[in-house]
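The values are calculated or read from the model by the stated rules, or taken from the named source; none is laboratory data. Keep in mind it's a predicted model, so treat the numbers as computed, not measured. Note that we place each Cβ from the backbone using ideal geometry, even for glycine, and neighbour counts take in every protein chain shown.
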Amino acid sequence: MIKAGIIGATGYAGGELVRLLTQHKDAEVVWYGSKSYIDKKYASVYGNMFQIVDDKCMDDNMEELAEKVDVIFTATPQGLCASLVNDDILNKVKIVDLSADFRIKDVAVYEKWYGLEHKSPQYIEEAVYGLCEINREDVKKARLVANPGCYTTCSILTAYPLVKEGLIDVHSLIVDAKSGTSGAGRGAKVNNLYCEVNENIKAYGVASHRHTPEIEEQLGYAAKEPIVINFTPHLVPMNRGILATEYANLKKKPDGSLPSYEEIKAVYDKYYGKEKFIRVLDKGSLPETKWVEGSNYVDINFVIDERTGRIIMMGAIDNLVKGAAGQAVQNMNLMFGLPEDEGLDLVPMFP
């Protein structure tokens, strides 16, 4: 049985980790870390865990935690994991970090976009970017995994096959994404109050959102060249879910024609046809957040616009599962040699 500790167990992503791990046959949570609720029963914070979790919340002492568990999940704001991790800890446990501390390989880019001094840049090169469907073999050997962001998971996976195969002009790529309010975390903020969010949709972080360099870096690896994109996130009045709609110019074939639907579909099937958690939908069926809610699935499809020569790619995920906790558990499974879908065989919830 894998013993797991969670730092940040009372945030939304941390709470989702608890929900998933309590149903995992090969793992158990033995440390519910939360500086805000030390010595309070976890079930008093999340009532859905009444008579399921009897433990009390503890602090974020990673040194002590490393002596008691096999894997540590850090579901915390940026900067905390980097400030706590060290060689002694990494020699004892595996870490799945749900923050952005080790996602971006260029420390200067991280410090610019996040406004933080990186406290342990010596581990950035070692850290594996935990997008399982792309970096599966590297994750298996890792002791430190940088769990991707929610917007980035959806945005990258939606476009990845076409970028990798060179079917689109990557310099024309535009990502327009919408997220439910849980993506902003559980902390009290005026902008997230019911009256501020309900009956409203708004763009935010325009030309400045911190997930932008993460998307650019990972798709740049696929394209084998640097990429600069437009990424615009929006907040919509729902609890969970991300829908990314992405636009790019299709590259014409030697005869001047555009790739056909069948040719594009074959490329998606090449990369995702055997993937448990990526569903490339039937022609004419478009991704919707309600069909992935509560699950680790990514639904993807596309439409070719013959008139403009562009392709519209769409992807939908649950931001708290595949966009955070589910992907973290998927990474843990790979790191410990377990079936990748263990604890994640979740049928989407509806309604």
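See the values below:
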item: Residue, surrounded by the fewest Cβ atoms within 10 Å (Cβ to Cβ), within the range 58-88, restricted to residues that are over 15 Å from ALA4 (Cβ atoms) and hydrophobic (A, V, I, L, M, F, W, C); result: LEU80
item: Residue list for the range 286-309, filter: part of a loop (DSSP other than H, G, I, E, B) and basic (Lys, Arg); result: ARG307
item: Selection within the range 270-301 - closer than 15 Å to GLY326 by Cβ and of a type in the set (Gly, Ala, Ser); result: GLY294, SER295
item: Residue match in the range 222-234 (condition: buried (at least 23 other Cβ atoms within 10 Å of the Cβ), part of a loop (DSSP other than H, G, I, E, B) and either not assigned by TED's automatic domain parsing to the domain that holds GLY294 or not acidic (Asp, Glu) (or both)); result: no
item: Hits in the range 202-228 (condition: in contact with a Leu (Cβ under 7 Å, 6 or more places away or on another chain) and farther than 18 Å from GLU165 by Cβ); result: LYS202, TYR204
item: Yes/no for LYS35 being out of contact with any helix residue (DSSP H, G or I) (no Cβ under 7 Å at 6 or more places or on another chain) and charged (D, E, K, R); result: yes
item: Hits in the range 32-54 (condition: more than 23 Å from the chain's Cα centre (by Cα), closer than 30 Å to PRO348 by Cα and surrounded by 15 or more Cβ atoms within 10 Å (Cβ to Cβ)); result: LYS41, TYR42, ALA43, VAL45, MET49, VAL53
item: From the options LYS270, LYS276, LYS283, LYS253, residue that is in a loop (DSSP other than H, G, I, E, B) and touching a residue at least 60 places away in the same chain (Cβ under 8 Å); result: LYS276
item: Qualifying residue in the range 27-45 (condition: at pLDDT 95 or above, in contact with a Pro (Cβ under 6 Å, 6 or more places away or on another chain) and assigned to a helix (DSSP H, G or I)); result: no
item: Residues located in the range 192-222, provided they are in contact (Cβ under 8 Å) with a residue 40 or more places away in the chain and more than 23 Å from ASN147 (Cβ to Cβ); result: VAL197
